[in-house]
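The values are calculated or read from the model by the stated rules, or taken from the named source; none is laboratory data. Computed from a predicted model, the values in this text were never measured in an experiment. Ideal geometry is used to build each Cβ from the backbone, glycine not excepted, and the neighbour counts take in all protein chains shown.
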């Protein structure tokens with residue numbers, strides 16, 4: 001069982017309200033379009049308080065929602081807008097997924113890789129638990145360019161402390177391109193928020209080879 005630190009508990013108090021506003025500003029539409037591609041047995045890593053939950057198709061074989069933060073996991077379990085598919089909320093660690101190889105048709109991640117200790121290892125775990133040809137649906141804020149990248153570098157030490165380990169300057173796209181996935185599509189867009197360190201966003205789909 002993962003341990004929830006004081007910082008993680010504090011994060012669980014403000015993050016859901018902040019992101020609910022971002023979703024109302026247009027982020028929910030991005031989630032809905034992305035998650036329409038989920039099929040079969042599906043795993044979401046770092047499900048948080050469940051902002052993605054109502055956007056999953058009802059005809060999934062199963063949906064497993066993995067969240068290590070106990071406070072967020074409680075809110076996740078209490079949601080009443082889950083899809084009609086069987087849904088299970090579990091504790092767990094994206095760096096060491098407790099599932100056999102080739103267990104899932106789809107793995108999803110939404111604003112998760114910024115806060116992982118070893119994102120390359122987590123991507124390897126996603127690849128391992130996907131079935132050959134399975135889909136990885138991602139939705140992540142990324143490192144910007146120019147002055148924004150400089151700001152992200154400056155702000156990352158503070159953001160890590162207040163946002164449960166979030167690295168504003170993490171280059172998720174480069175990590176994904178060096179992992180063992182075939183990228184089907186990747187869209188550069190903007191998160192609808194005034195917080196400048198997390199505005200650059202990539203949304204897309206990759207497949208296990």
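Overview of values
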{"read-out": "Check on residue 94, surrounded by 20 or more Cβ atoms within 10 Å (Cβ to Cβ) and either in contact (Cβ under 8 Å) with a residue 12 or more places away in the chain or over 25 Å from residue 24 (Cα atoms) (or both)", "value": "yes"}
{"read-out": "Region 134-147 - residue that is part of a loop (DSSP other than H, G, I, E, B) and over 13 Å from the mean Cα position of the chain (by Cα) and, of those, farthest from residue 187 (Cα to Cα)", "value": "145"}
{"read-out": "Set 100, 16, 86: member being surrounded by fewer than 21 Cβ atoms within 10 Å (Cβ to Cβ) and modelled with pLDDT under 95", "value": "16"}
{"read-out": "Number of the exception - residue 192 against (1) free of Cβ contacts under 8 Å to residues at least 40 places away in the same chain; (2) not in a strand (DSSP E or B)", "value": "(1)"}
{"read-out": "Matching residues in region 173-185 - criterion: being more than 15 Å from the chain's Cα centre (by Cα) and either surrounded by 14 or more Cβ atoms within 10 Å (Cβ to Cβ) or at positive phi (or both)", "value": "179, 181, 183"}
{"read-out": "Every residue from region 103-133 that is in contact (Cβ under 8 Å) with a residue 60 or more places away in the chain, surrounded by fewer than 23 Cβ atoms within 10 Å (Cβ to Cβ) and not in a loop (DSSP other than H, G, I, E, B)", "value": "105, 115, 127, 129, 131, 132, 133"}
{"read-out": "Residue within region 174-187 that is farther than 15 Å from residue 140 by Cα, out of contact with any helix residue (DSSP H, G or I) (no Cβ under 6 Å at 6 or more places or on another chain) and not in a strand (DSSP E or B) present", "value": "yes"}
{"read-out": "Candidates 208, 170, 190, filtered to the one that is more than 16 Å from residue 37 (Cβ to Cβ), surrounded by 20 or more Cβ atoms within 10 Å (Cβ to Cβ) and modelled with pLDDT of 95 or more", "value": "170"}
